[in-house]
């Protein structure tokens, strides 16, 4: 079992041990944005971050990804800002890897 400091936690109390646990939702098509949601269905924050992309020459290209300040601040307070930054960046990279970029490329601009 991993140390508690190695896990990310949502302010709702839900511990996220694996980036695969986040839910991703492609709702904001016109903004070319994918929402990153808390795995806890009853979370009061619900949306923890986003992944933005561009459509260029028929291909979806990663633009940026970020977690929102309440989620970042909560984790920085728990494990320290350097550790939180490292953990959250790692989680964002894993989330971006599991997005079906080819499927997004098929969307009309």
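Each value in this text was obtained by applying a stated rule to the coordinates, not by laboratory testing. The model shown is predicted, which means the values in this text are computed figures rather than measured ones. Quick reminder, even Gly has a Cβ in these numbers, built from the backbone with ideal geometry, and neighbours come from all protein chains shown.
Considering every residue within the stretch 85-102, establish whether at least one is more than 19 Å from residue 24 (Cβ to Cβ) and over 11 Å from the mean Cα position of the chain (by Cα). Looking through the stretch 85-102, at least one residue is more than 19 Å from residue 24 (Cβ to Cβ) and over 11 Å from the mean Cα position of the chain (by Cα). Could you please find all residues in the stretch 1-15 being farther than 26 Å from residue 101 by Cα, in a strand (DSSP E or B) and touching a residue at least 24 places away in the same chain (Cβ under 8 Å)? Selection gives 9 alone.
The listed residues are 20, 30, 59, and the only one of them that is farther than 22 Å from residue 89 by Cβ and touching a residue at least 40 places away in the same chain (Cβ under 8 Å) turns out to be 59.
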